[in-house]
Amino acid sequence: MTNLLEAKGLRAAYGETKVLHGLDFAVRQGGVTALLGANGAGKTTTLRAICGIVRTQGEILLGDTRIDGKATEDIVRLGVAHVPEGRGTFMELSVEENLRLGAYTRPARQATEDFGLMFDYFPRLKERYKQQAGTLSGGEQQMLAIARALLLRPRLLLLDEPSFGLAPLIVQEIFRILARIKQDAGVSILLVEQNAAIALEFAEHAYVLETGRIVMAGSSADIGKDEGIRRSYLGY
Amino acid sequence: MLAGVLHQIMSGLATGGIYASVALALVMIYQATHHVNFAQGEMATFSTYIALTFINLGFPYWVALAGAVVISFVIGVTIERVLMRPLANAPVLASVGVFIGLLLIINSMSGFFFDYTIKQFPSPFPDHPMLGGYLSGHELGSTAVTLIVLISVYLFFRHTRLGLAMRAAAFNASSSRLVGVRVGWMLALGWGLAAGIGAIAGCMVAPVVFLDPNMMSGILLYAFAGALLGGIDSPLGAVLGGFAVGVIENLGGAYLVGTELKLTLALIIIVAVLIIKPSGLLGRRVYSRV
């Protein structure tokens with residue numbers, strides 16, 4: 001199986017504070033890879049590093065293209081969609097405008113066709129189409145963020161804690177939809193989650209991070225079975 | 001009496017349109033950067049000189065105006081790229097310093113290139129009263145031009161992809177980058193548009209107040225009052241505020257304080273808004289649920 005994304009010796013820092021200390025990891029083509037770990041392990045920073053939001057050292061390859069050091073806008077245009085921590089909703093704009101922005105880099109006609117697909121995944125967004133996005137509930141904003149990212153027709157989808165702050169039922173709903181998306185869209189996914197149980201169920205592969213280092217890598221099944229890892233790093 | 005009041009209101013709306021345009025230019029830059037561009041007025045004055053130069057070279061009025069708008073747009077974009085861009089993460093005072101510096105520099109450049117004498121500026125509109133004598137031809141024409149500008153700007157922001165991207169970049173730069181919007185260029189475009197709008201406002205007001213390097217300094221104050229009154233982060237509010245200030249200024253000048261204290265009215269409005277309702281009448285009301 002080929003890798004869509006590959007990071008070699010990836011380091012990142014916020015000012016003087018080093019957060020990632022040389023990560024090697026890969027996201028397989030068409031698969032779901034999870035990044036697990038406690039608060040402050042560097043999961044979010046890893047996603048931000050891939051998108052060029054933080055300064056990095058080391059190599060990041062998307063397919064055959066080196067994307068480290070590129071501007072965020074250019075990385076996005078190469079097909080990397082990022083559902084950021086906190087969902088990144090354009091609060092002042094309508095749901096429709098949020099979706100239009102998702103398809104900003106693509107020809108308008110194509111995008112409008114994709115809107116139908118998004119409403120199929122997320123019927124609630126259709127109900128709220130003309131509403132100001134800031135008035136949506138947390139779960140709806142998460143759906144909006146995922147739809148916005150998918151409208152880019154990405155090769156790689158980066159998901160930062162889609163379960164964050166949501167009621168368990170809503171989390172289940174979102175992961176049910178994500179499973180459908182994974183099947184339909186052929187998009188590769190890198191998932192960051194605190195909720196390790198749900199992430200391991202969804203992903204085929206996983207990396208466990210601790211304070212900016214990878215402490216374990218393997219198939220989700222193996223990591224889920226490893227009692228020690230589960231207790232020390234995943235907390236369940 | 002009633003006819004007099006009506007007349008004052010109408011001509012107040014005509015000047016209010018100019019304030020509305022400049023207020024809109026201020027708001028566009030404010031929304032994106034949270035700074036008030038104090039140099040907006042001087043930029044508009046400089047643009048008006050450019051238009052006058054074209055007219056003196058023998059170009060038809062509207063061609064000269066279009067030329068001035070295009071050149072002003074380029075100047076606006078350049079100022080953002082060259083001067084403001086390096087200060088994107090600098091403290092507020094650094095930007096304020098640049099704005100004040102720009103104000104002084106552009107003012108002096110106007111004087112240096114085009115000298116300090118007061119010049120006449122032509123109006124493309126007929127020179128006789130219209131609408132039963134309530135408005136001069138120029139007042140009516142310039143109001144129409146202002147409305148066309150404001151409506152075009154509205155349609156641009158509301159219904160074009162680029163307009164949406166510019167709004168998005170102003171509201172949420174990091175999310176905008178994540179959908180592929182080139183945020184830096186959106187800011188530069190905003191500066192360009194603001195400069196272009198200023199150019200039109202300058203050319204519309206110059207036939208009334210005559211052209212000299214300080215032409216816009218008072219107008220900028222009224223525009224700022226209008227922007228604050230309507231809400232400095234609301235384009236619609238700024239436009240309505242601009243019109244309102246024009247009417248208040250005219251009525252106040254005619255019946256209340258006399259022409260000498262008209263500018264004081266603008267300051268009173270600014271202070272009153274800041275004390276009573278700092279967000280302005282249509283200031284941002286963002287609903288957010290957590």
Within the range B:139-178, tally of residues that are within 14 Å of chain A (Cβ to nearest Cβ) and over 13 Å from B:PRO235 (Cβ atoms) = 15
Within the range A:85-102, residues among the aliphatic types (A, V, I, L, M) and within 12 Å of chain B (Cβ to nearest Cβ) come out as A:MET91, A:LEU93, A:LEU99, A:LEU101
Failed item, numbered, when B:ILE106 is tested on (1) among the β-branched types (Val, Ile, Thr); (2) more than 17 Å from the chain's Cα centre (by Cα); (3) surrounded by 16 or more Cβ atoms within 10 Å (Cβ to Cβ) = (2)
Options A:VAL215, A:VAL208: the member that is surrounded by fewer than 16 Cβ atoms within 10 Å (Cβ to Cβ) and in contact with a Phe, Trp or Tyr (Cβ under 8 Å, 6 or more places away or on another chain) | A:VAL215
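Table: residues versus (1) touching a residue at least 24 places away in the same chain (Cβ under 8 Å); (2) out of contact with any strand residue (DSSP E or B) (no Cβ under 7 Å at 6 or more places or on another chain); (3) of a type in the set (A, V, I, L, M, F, W, C).
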position: B:GLN120; (1), (2), (3): yes, yes, no
position: B:PHE125; (1), (2), (3): no, yes, yes
position: B:VAL153; (1), (2), (3): yes, yes, yes
position: B:PHE157; (1), (2), (3): yes, yes, yes
position: B:GLY163; (1), (2), (3): no, yes, no
position: B:MET166; (1), (2), (3): yes, yes, yes
Has the range A:180-188 got any residue that is over 21 Å from A:THR2 (Cβ atoms) and in contact with a Lys or Arg (Cβ under 9 Å, 6 or more places away or on another chain)?
-> no
Regarding B:SER21, is this residue farther than 22 Å from B:ILE106 by Cα, of a type in the set (Gly, Ala, Ser) and part of a helix (DSSP H, G or I)?
-> no
Does A:ARG180 meet the test of being part of a helix (DSSP H, G or I) and under 18 Å from A:ALA81 (Cβ atoms)?
-> yes
Counting only residues that are more than 24 Å from B:LEU87 (Cβ to Cβ) and within 14 Å of another protein chain (Cβ to nearest Cβ), which one in the range B:179-225 is surrounded by the fewest Cβ atoms within 10 Å (Cβ to Cβ)?
-> B:GLY180
Which one of these is over 18 Å from the mean Cα position of the chain (by Cα), surrounded by fewer than 20 Cβ atoms within 10 Å (Cβ to Cβ) and in a loop (DSSP other than H, G, I, E, B): A:GLY22, A:GLY69?
-> A:GLY69
Those residues of the range B:181-212 that are assigned to a loop (DSSP other than H, G, I, E, B) and either among the charged types (D, E, K, R) or at pLDDT 95 or above (or both) come to a total of 3
When you go through B:LEU236, B:LEU240 one by one, which is the residue that is within 14 Å of chain A (Cβ to nearest Cβ), assigned to a helix (DSSP H, G or I) and either under 20 Å from B:ILE148 (Cβ atoms) or β-branched (Val, Ile, Thr) (or both)?
-> B:LEU236
Which of the following residues is within 17 Å of the chain's Cα centre (by Cα), within 29 Å of A:GLY116 (Cβ to Cβ) and not in a strand (DSSP E or B): A:GLY30, A:GLY52?
-> A:GLY30
Among A:GLY88, A:GLY63, which is the only one that is more than 22 Å from A:ARG180 (Cα to Cα), surrounded by fewer than 17 Cβ atoms within 10 Å (Cβ to Cβ) and touching a residue at least 12 places away in the same chain (Cβ under 8 Å)?
-> A:GLY63
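If you take just the helices (runs of 4 or more DSSP H) that sit entirely in the range A:103-160, which of them hold at least 2 residues that are more than 13 Å from every other protein chain (Cβ to nearest Cβ) and surrounded by fewer than 20 Cβ atoms within 10 Å (Cβ to Cβ)?
Result: A:108-121, A:123-127.
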Tell me, please, whether a residue that is surrounded by 15 or more Cβ atoms within 10 Å (Cβ to Cβ), away from chain B (no Cβ under 14 Å) and closer than 22 Å to A:GLY186 by Cα can be found in the range A:6-15.
-> yes
When you look at B:LEU52, is it modelled with pLDDT of 90 or more and crowded, with 17+ Cβ neighbours inside 10 Å, yes or no?
-> yes
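The values are calculated or read from the model by the stated rules, or taken from the named source; none is laboratory data. All values reported here derive from a predicted model rather than from experimental measurement. Note: ideal-geometry Cβ built from the backbone for every residue, glycine included; neighbour counts use all protein chains shown.
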